[in-house]
Amino acid sequence: MDERDPDLELVRDLAGEDVDRQRRALGLLYERYSRRIFNVAYRVLGDWDAAQDVTQEVFLHLSRRIATVRGDAGLTSWLYRITVNRAIDARHREKRRPAWRMGDSVLEGDVKRPRGDDAVEDPDAGRVRDALAVEVERSLGRLSPKLRAILVLRYLEGLSYEELSEVLACSMGTVKSRLNRAHTAMREAMEEGGATHR
């Protein structure tokens, strides 16, 4: 892990022998990353409760497997990797559930643009944008968890191709190929509103 990594001291404390420092480090890391982890898990799973379970699993895994974080990959990449893997595993375990449940989106605030107090928005433009956001959510929910995950990481979390390669533990060529498949599947889902893409 890079010496300039802002998480390095917390990772060292969590891996250390001092129980109080371990608890403090885990608490601070939870405060720093839990929302991001939850957002990714929720977008991959489409289920609030399952995303909360995945978030808890990720931090439990972190506390038990902190030694595996060391190396070139930073903590953020490691957390994304574990989150995506756990979310995909959870989705496979629960195939009896609907592929996507619309409800209270954790990213609802991200969908609606922030406005100043004196800003005026055309109501029709707001309705169109909100309808598009709902259709994007539905179309995303029709994709397989793997394709959903790469779109979430790329466009909602803003990861670069290099970061995606690291998080997904695959080559740059595989990242580009999977993104291409995800774009195609998303476009088809939005055009047709059909069956789940694999």
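The values are calculated or read from the model by the stated rules, or taken from the named source; none is laboratory data. Given the structure is predicted, the values throughout are model-derived calculations rather than measurements. Reconstructed Cβ throughout: ideal geometry from the backbone, glycine too, with neighbour counts over all protein chains shown. Side chains are part of the model used for accessible areas, which takes the heavy atoms of the whole protein and leaves out ligands, DNA and RNA. Shrake-Rupley method; radii C 1.70, N 1.55, O 1.52, S 1.80 Å.
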Exercise. Probe 1.4 Å, all protein chains in place: accessible area of T55 in Å², nearest 10?
Worked result: 10
For this session: With a 1.4 Å probe and all protein chains in place, put W78, W48 in order of accessible area, largest first.
Result: W48, W78
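Carbon and sulfur: what percent of segment 15-80's accessible surface (1.4 Å probe)?
45
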Exercise. Any idea of I82's accessible area? Nearest 10 Å², probe 1.4 Å.
Worked result: 30
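Quick one: net charge of R148's neighbours, Cβ under 10 Å, K/R +1, D/E -1?
+4
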